[in-house]
Amino acid sequence: MKKFVLLVAAIATIASLSCVMAKTPSPAQRTLSRSTAAPAAKGSVFTTRTYDLSDFTILDVSNVVKVVYTQGNAYSVKLTGRAELLDEMEVTATGGQLKVTAKRSKKFNNVKQKDRPDGKHNFILQLTAPCLENILLSGVSTFETTAMMPDFLYVRLEGVSKLKANSIESQSLKMSISGCSEVHVGSVACKEYEASVSGSSKVDIQKLNADEKAITNLSGASKATHPSFVVTDKATFNVNGASQLTLNAKGCKLLQVGFSGASKGEVEFKGSALRTWCTGASKLDARLDCASVQSNCDGASKINLSGTADKVEIERGGVATNIDTSRLNQF
């Protein structure tokens, strides 16, 4: 009888302990409970976490993240990805800077396509904020937006990053693009524009209007494309290395375009004054409709001028130098 009573008591004790253990969350569960996470849709392996962060104008993103930005009055920060990968990300906002970065983890080494929300990026960051003045991307990140209207905007892209926008309006737009990064913008309206493009990076701005000045420096094997480039005052392009420039400029009081190394360019200019120079083995093809042109050619470089110019000044240097003006002012 005593053995039976002891057996019943033991069973009751085990059952009680099992209930307590079932109600006690694991460390992983406790971590997840502190973040606001939307449940994954049926059949989906992805989770969206919402972060209560605000008061930032700087965005700093690394890893393989796609940012979809909307300029709006309220702040909203949502990150979508696989739950086990989200655990390896840090999303913080301090000193006016929103930072999205990965902890040191080997889990990102071989992320398969099926484990990426859009098949390309490990995460998708849905972001809304009243204003972004600094966009810093590295790794294989992408920033996409329909329209931006900050007072001042600085963009720094590194690695294999991309920025895509339909339109940007700002007093000042400055960009530093390196690695194998790309910028694609439909239209830019600003007072001052400045871009430094290096590596094998590309900048493609379909329509750029700058009221005061524009400066672009290309190096490495970079490329800049401007089908419609309007600057009221002064614009300068320095094209070096094996870089390439495609430019259709109008309205400049003074357009300065210089080439060195093995760089080359195609320039169409309608405005007041054009000053060009080529050194090394560089090449320039320029179609003109302007008041004056001044060209300086040295080394084994070549300049081909066509169209019309009221005043022409040519300076040659080097045994292989060639400035062709045979198609200039052919009335």
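No value in this document is a laboratory result; all are computed from the given coordinates. Since the model is a prediction, treat every value here as computed from it, not as a measurement. No Cβ is skipped: glycine too gets one built from the backbone with ideal geometry, and neighbour counts run over all protein chains shown.
Once label points are set 7 Å from the Cα along Cα→Cβ at both Glu212 and Gln126, what is their separation, rounded to one decimal in nm?
If labels sit at Glu212 and Gln126, their model points lie 3.9 nm apart.
Using the Cα gyration tensor of the range 137-194, with a ≥ b ≥ c the square roots of its eigenvalues, what is the shape: rounded (a/c below 1.5), prolate (a/b larger than b/c) or oblate (neither)?
prolate
Can you classify the range 89-201 as rounded, prolate or oblate using the Cα gyration tensor, where a ≥ b ≥ c are the square roots of its eigenvalues, rounded means a/c under 1.5, and otherwise it's prolate if a/b beats b/c and oblate if not? Numbers along the way, then the final one.
Values: a/c = 1.89, a/b = 1.57, b/c = 1.20.
Prolate is the answer for the range 89-201, as a/c is 1.5 or above and a/b outweighs b/c.
For the range 50-135, what does the alpha-carbon gyration tensor say about shape, rounded, prolate or oblate, given a ≥ b ≥ c as the root eigenvalues, a/c under 1.5 as rounded, and a/b over b/c as prolate? Please list the in-between numbers first.
Numbers: a/c = 2.28, a/b = 1.76, b/c = 1.30.
Judged from the Cα gyration tensor, the range 50-135 comes out prolate (a/c at least 1.5, a/b above b/c).
Stretched out fully, how many nm does the piece from Thr92 to Asn248 gain, at 0.36 nm a residue minus the Cα gap? Could you put the intermediate results ahead of the total?
On the way: separation 156, 0.36 × 156 = 56.16 nm, distance 4.28 nm.
Extending this stretch completely gives an extra 51.9 nm.
Taking 0.36 nm per intervening residue step and subtracting the Cα-Cα distance, what contour gain separates Gln294 from Lys107 on full extension?
Numbers: separation 187, 0.36 × 187 = 67.32 nm, distance 5.80 nm.
Here the segment from Gln294 to Lys107 would lengthen by 61.5 nm.
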